[in-house]
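Here's the structure we're looking at; comments come further down.
The values are calculated or read from the model by the stated rules, or taken from the named source; none is laboratory data. Since we're looking at a predicted model, the values are computed, not measured. Cβ atoms come from the backbone with ideal geometry, glycine included; neighbour counts cover every protein chain shown.
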Amino acid sequence: MTSEHTTTPAGLRTAESDGVARPLTGRVAVVTGASSGIGAATAGRLAAAGAAVALLGRRADRLNELADRLRATATGTVLPLAVDLTDPEAVQAAARTVGSRLGRVDLVVAGAGAMLGAPFADARTEEWDRMIDVNLRGLLHTARVFTDDLLAAAADGRPADLVHVGSVAGHSLYPNWSVYCATKAAVAHLTRNLRAELGPRGVRVKNVEPGVTVTELGSDMQDGDMRATLARMRTDLRPLAAEDIAEAIAFAVSAPPHVNIAELIVVPVQQG
C-alpha cells in the first residue's frame, strides 16, 4: 500500500501507512536515558510516530539492542550513541554526530535520571553527587548543546520542543528522598525559567512529571530499607508503566505548534 500524507498546521507532512498516522514524520529527536525505562519507551514511541531518533545513554549494548528493535518498524533513522551525559565534551561530541547523521534536532527529551533514597542523616554523599550530576548537570548539558538547533527550527516556523522528565517529587514531600526531590524541584523551576526565556523565541519548553512508575530507577540504591520501601510504593497501588509516560510525552510534542503543554503531571489514579 502506498503512503499517504496530510499537511499539518505547521507545514509538516504527517505520513500514514496502512492507516497508521505518524505525526512526527520529518522531525529529528534526541532522547537521553534511552537505554532503559522511560527513555527507552519514549524513544520507541517517537520512532513509531515517524521521527528520526538518536538514542543517548551510558550502556551501548542496551542502546544497540533497542535500535535494532525499533528499526524493524521505524520510518525514520534510529541512531544509538553511548555517552556520559555528565561530561560536557562528550555531550558536545554526541551532538555533532547527531547533526551529521540525522540533521538539525528539533525535539529533545532529557529523560536520564538517578533516584537514590536514604535518610539524610546517613550522609550518602556519593549518591547525592550522582543525582546532582545526572538529574541536573546532565540535563543542563543536554539542553544547552541542542538549544541552537531548537532556536533555528523555531525561527524557520517549525515545531521545536525541549522536554524535561521531572517528577512529582519536585513539589511533594517524601521523607528520606530529600536530595532526589531537590534535584527534581530544580528541574521544575529551571523549566519554567527556560520557558520564559525560550518560549518568546518559539521553543516549547515543558516538564513532564511522573508519579509512581515501574522502571529500573532505584534498583541500585545502597540503602536496602529504601529499596524495600520503593518496591512497596510500586505494589501498594497500580503503578504507571514507562510506556504511559512515553505516551504522555508523544501527546505533548504532537500538539498544534502554537500550543505548549508546559507542565504535565502524570500519576496513577490511586496516587491521587
Original post:
Of the residues that sit in the stretch 28-50 and are outside any helix (DSSP H, G or I) and not small (Gly, Ala, Ser), which one is farthest from residue 109 (Cα to Cα)?
Top reply: 28
Subject >> the stretch 199-222 - residue that is farther than 18 Å from residue 111 by Cβ and surrounded by fewer than 17 Cβ atoms within 10 Å (Cβ to Cβ) and, of those, modelled with the lowest pLDDT >> reply: 222
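Do any helices (runs of 4 or more DSSP H) entirely within the stretch 85-172 hold 3 or more residues that are of a type outside the set (Ser, Thr, Tyr) and either touching a strand residue (DSSP E or B) at 6+ places or on another chain (Cβ under 9 Å) or surrounded by 24 or more Cβ atoms within 10 Å (Cβ to Cβ) (or both), and if so, which?
Once the helices (runs of 4 or more DSSP H) in the stretch 85-172 are filtered for at least 3 residues that are of a type outside the set (Ser, Thr, Tyr) and either touching a strand residue (DSSP E or B) at 6+ places or on another chain (Cβ under 9 Å) or surrounded by 24 or more Cβ atoms within 10 Å (Cβ to Cβ) (or both), what remains is 88-102, 139-155.
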Original post:
Among the residues of the stretch 242-272, which ones are touching a residue at least 60 places away in the same chain (Cβ under 8 Å), surrounded by fewer than 19 Cβ atoms within 10 Å (Cβ to Cβ) and within 26 Å of residue 175 (Cβ to Cβ)?
Top reply: 263, 265, 267, 271
**OP:** State whether the residues of the stretch 121-142 include one that is β-branched (Val, Ile, Thr), under 19 Å from residue 195 (Cα atoms), in contact (Cβ under 8 Å) with a residue 12 or more places away in the chain and out of contact with any Lys or Arg (no Cβ under 7 Å at 6 or more places or on another chain).
**Re:** yes
